[in-house]
Amino acid sequence: MRLLIRIGISLATSALGLLLAALLVAGFHVQIGGFLAAVVVLTVAQAALAPLATKIGQRYAPALMGGIGIISTLVALLIASLIPGGIAASGVTTWILAAVVVWICTAAGGWILVALLLRKRRAAAS
């Protein structure tokens, strides 16, 4: 059950992150046709890349550990952009800003949603 909740949270925060990036970052576009596919690819890519990036960062660049989440989000966005009709960005700055927005949204959204779910669970158990 927890796994399904985490997957749902990841999908929801990825979708919200992409939509916020499209609203806040000039040159970053989300097309309706491939949006759902881009959300799924982004979520799967982030889930796969985060542990790998952390392991590589710990081994070869410990000073960069704070930015590993943003780096894995950037790579995940680049992978998701390969889906036709999903997301598109123009320029390096746009990609970086979009990655920061999506990373903040997925990280903060995940923490907030997990905290809310745990609070509801505790209240129901009482």
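The values are calculated or read from the model by the stated rules, or taken from the named source; none is laboratory data. For clarity, every value in this text was computed on a predicted model and none was experimentally measured. Cβ coordinates were reconstructed from backbone atoms using ideal geometry, including for glycine residues, and neighbour counts include every protein chain displayed.
Does region 31-48 contain at least one residue that is surrounded by 17 or more Cβ atoms within 10 Å (Cβ to Cβ), among the hydrophobic types (A, V, I, L, M, F, W, C), touching a strand residue (DSSP E or B) at 6+ places or on another chain (Cβ under 6 Å) and under 14 Å from Val101 (Cα atoms)?
no
Pull up region 17-26, narrow it to residues that are part of a helix (DSSP H, G or I) and small (Gly, Ala, Ser), then point me to the one that is nearest to Gly109 (Cα to Cα).
Applying the first criterion (part of a helix (DSSP H, G or I)) to region 17-26 yields 17-24.
Those still in the list that are small (Gly, Ala, Ser) too: 17, 21-22.
Working: Gly17: 9, Ala21: 14, Ala22: 17 Å.
Checked region 17-26; the qualifying residue nearest to Gly109 (Cα to Cα) is Gly17.
Go through (1) assigned to a helix (DSSP H, G or I); (2) touching a helix residue (DSSP H, G or I) at 6+ places or on another chain (Cβ under 8 Å); (3) modelled with pLDDT of 85 or more and name the single condition His29 misses.
All conditions pass for His29, except number (1).
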